[in-house]
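Notes follow the structure.
The values are calculated or read from the model by the stated rules, or taken from the named source; none is laboratory data. Please read these numbers as outputs of a predicted model, since none were measured by experiment. Here Cβ is always computed from backbone atoms with ideal geometry, including for glycine, and neighbour counts include all displayed protein chains. Accessible surface is based on the protein model in full, side chains and every heavy atom, while ligands, DNA and RNA are left aside. Shrake-Rupley method; radii C 1.70, N 1.55, O 1.52, S 1.80 Å.
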Amino acid sequence: MSSSSSSSSSCCMLLIGLLCVVLIGGSLSHAQLSPTFYDSTCPNASNIVRGIIAEALKTDARIGGSLIRLHFHDCFVNGCDGSLLLNNSATIQSEKEAPPNNNSARGFGVVDNIKTALETACPATVSCADILAIAAEESVSLAGGPSWNVSLGRRDSTTANRTAAGLFLPGPTEALSVLKAKFLAVGLNSTDLVALSGAHTFGRAQCSTFINRLYNFSGSGNPDPTLNTTYLSTLQGICPQNGNTTVVTNLDLTTPDVFDNKYFSNLQSLEGLLQSDQELFSTTGDETVAIVNNFTANQTAFFASFVVSMIKMGNISPLTGTAGEIRLNCGKVNNSTGSDGLLYSSM
């Protein structure tokens, strides 16, 4: 792929500047979170989360990938504050309806099931933001990936930011320069970008996220030249022109439901599904190429970097102390009347 143009660089700098304005409470000097935060108040929180995800996996093999994506999409918009989970209300425009999430983000029912179980076990204790962080770790672990001690103590926002979600969430058709800018704006570097992209080792993606590569890439009238021709034919069979763009296929064609390093060897074979995946390896001369090669050769190195990057991402501008609240229902701010007519009291 070609290197960034001066206009792309200007766009990237604008993104960084805008994000600094849009972030609320937005110091990127991370508040102190702790893996032991619930040890005395809800010691079984992680086990409860794991049990519900394990049950969901019996009927939905892609739920792990969906849940980790919720944590990712939450943290990139005003920090890891559970804002993604809020539904539309008289005062809130839900981030669920921002273009990167609309008819795409999923797993909210499982999050609600987790919240219900935690409210039964430990009422008004575990935040929805922390549920997303725990669910991400448990999803990875259940798929054969690494485990880590999740830093906890986040509180939930009372606002959402649909505009920021539309602007600052990394997109599947974006160039590497833009992806790097969006990660840098929240304190994440190129190693974090490659490591966190490795979460695409499990889960699914809709045709709409990669059909741009199959027939008329960048207006060329031809497919993306960095797409393996055999894989291209397979994908064209799944996603015909003018077909149903909500059809899904595996993000990792090799081991689609296992958390491993095959995602990176796929990139070396030009079998990354999304443009944003393949850019990591096919952008000639970029530092990301060596990182991909390292993670392909050494799964232990990938797992170690992934854990570090997940903890860093989970530390993006959390609400702590008395900021925000502990929502009783992840889709509604406390002391608000929901569509069910019930009043949700505050902590």
Identity of the residue in the range 122-141, of a type outside the set (S, T, N, Q), part of a helix (DSSP H, G or I) and touching a helix residue (DSSP H, G or I) at 6+ places or on another chain (Cβ under 6 Å), that ends up farthest from Leu328 (Cα to Cα): Glu138
Yes/no for Thr191 being open to solvent by 20 Å² or more (accessible area, probe 1.4 Å), closer than 23 Å to Asn298 by Cβ and at pLDDT 95 or above: yes
Tally, over the range 94-104, of residues that are within 13 Å of Ser157 (Cβ to Cβ) and in a loop (DSSP other than H, G, I, E, B): 1
Some residue of the range 150-157 being of a type outside the set (Ser, Thr, Tyr) and either assigned to a helix (DSSP H, G or I) or at pLDDT below 95 (or both): no
Arg155 being crowded, with 23+ Cβ neighbours inside 10 Å and charged (D, E, K, R): yes
Residue in the range 26-36 that is open to solvent by 70 Å² or more (accessible area, probe 1.4 Å), under 30 Å from Cys122 (Cα atoms) and modelled with pLDDT of 50 or more present: yes
Leading residue by the ranking (farthest from Gln268 (Cα to Cα)) among those in the range 232-246 that are within 25 Å of the chain's Cα centre (by Cα) and open to solvent by less than 50 Å² (accessible area, probe 1.4 Å): Cys239
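Filter the helices (runs of 4 or more DSSP H) completely within the range 252-301 down to those with at least 1 residues that are under 15 Å from Ala205 (Cβ atoms).
Per the criteria, 262-268, 275-282.
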Ser317 vs. criteria surrounded by 15 or more Cβ atoms within 10 Å (Cβ to Cβ), assigned to a loop (DSSP other than H, G, I, E, B), in contact with an Asp or Glu (Cβ under 9 Å, 6 or more places away or on another chain) and at pLDDT 95 or above: yes
Number of the condition not met by Met13 [criteria: (1) open to solvent by less than 20 Å² (accessible area, probe 1.4 Å); (2) more than 21 Å from the chain's Cα centre (by Cα); (3) modelled with pLDDT under 95]: (1)
